[in-house]
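**Student:** Pasting a structure here, questions to come.
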Amino acid sequence: MSSNRPSSGQGPTQRQLRVGELIRRTLSDVLNRAEIHDPELNAMSITVGEVSMSNDLKVATVYVMPLMGSVPVQDAITALARNKHELRHRVVKGMTLKYAPDLRFRPDETFDRLDETRRLFSDPAVQRDLDAETPDGDD
């Protein structure tokens with residue numbers, strides 16, 4: 001029985017998470033094995049960090065980043081977008097979805113946020129607040 005919970009303000013459903021992870025793994029394998037008929041794309045080492053699915057599973061937003069800054073991220077996204085139809089075909093080949101999701105490529109900014117978090121934790125004011133906490137967890 002389906003639930004009637006509203007989709008606004010809620011996180012992704014288990015189905016969205018499962019489908020997103022399956023697409024992420026499949027795309028990673030395809031890119032790793034250089035199965036696409038584009039030598040420029042095959043020459044790039046691209047990591048697929050995350051895939052988030054729309055509520056209706058018709059759109060997959062793929063967050064990618066070239067490894068070790070080998071190419072500019074925008075060049076990688078352009079190459080992926082140029083080969084979107086072949087990538088989409090490879091992804092849905094083994095899946096049993098009603099619709100083949102449209103792939104949209106975006107830069108993965110996880111590492112940038114991680115650097116910002118490290119910078120915040122190294123701030124002297126934050127260090128002072130962390131040092132001021134009592135060891136038993138009382139504030």
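**Student:** Please find the FRET efficiency linking K84 to Q14, where r is the Cβ-Cβ separation and R0 is fixed at 35 Å, and quote it to the nearest 0.05.
**Tutor:** Rounded to the nearest 0.05, the efficiency is 0.85.
**Student:** On to the next question. Compare P124, P12, P101 in a GNM of the chain, Cα atoms joined below 10 Å, and give the one with the largest fluctuation.
**Tutor:** P124
**Student:** About its Cα centre, how strong a charge dipole does the stretch 14-108 have in debye, to the nearest 20, once Lys and Arg get +1 and Asp and Glu get -1 at the Cβ?
**Tutor:** 420
**Student:** Please compute the Kirkwood hydrodynamic radius over the chain, one decimal place, Å, based on all pairs of different Cα atoms.
**Tutor:** 17.6
**Student:** Oh, and also: Label E21 and R128 with points 7 Å out from Cα along Cα→Cβ: what is the distance between them in nm?
**Tutor:** 4.4
**Student:** Also: Pull out the extension gain between D29 and R118, defined as 0.36 nm times the separation in residues minus the alpha carbon to alpha carbon distance; nm, one decimal.
**Tutor:** Contour length minus the Cα-Cα distance gives 28.9 nm.
**Student:** Same structure again: List the trypsin sites (Lys or Arg not before Pro) within the stretch 21-91 that fall in a DSSP loop (any state other than H, G, I, E or B) and whose Cβ has at most 10 other Cβ atoms within 10 Å.
**Tutor:** R33
**Student:** If you don't mind, another one. Connecting C-alpha atoms closer than 10 Å in a GNM of the chain, tell me which of D29, D129, D102 has the biggest fluctuation.
**Tutor:** Sorting by GNM fluctuation, first place goes to D129.
**Student:** Hey, what angle do you get for helix 14-32 against the long axis of the chain, alpha-carbon based, 0 to 90 degrees rounded to 10?
**Tutor:** Its long axis makes an angle of about 70 degrees.
No lab work stands behind these numbers, since they all come straight from the coordinates. None of the values given here were measured: they were computed from a predicted structure. Heads up, the Cβs are rebuilt from the backbone with ideal geometry, glycines too, and the neighbour counts pull from every protein chain shown.
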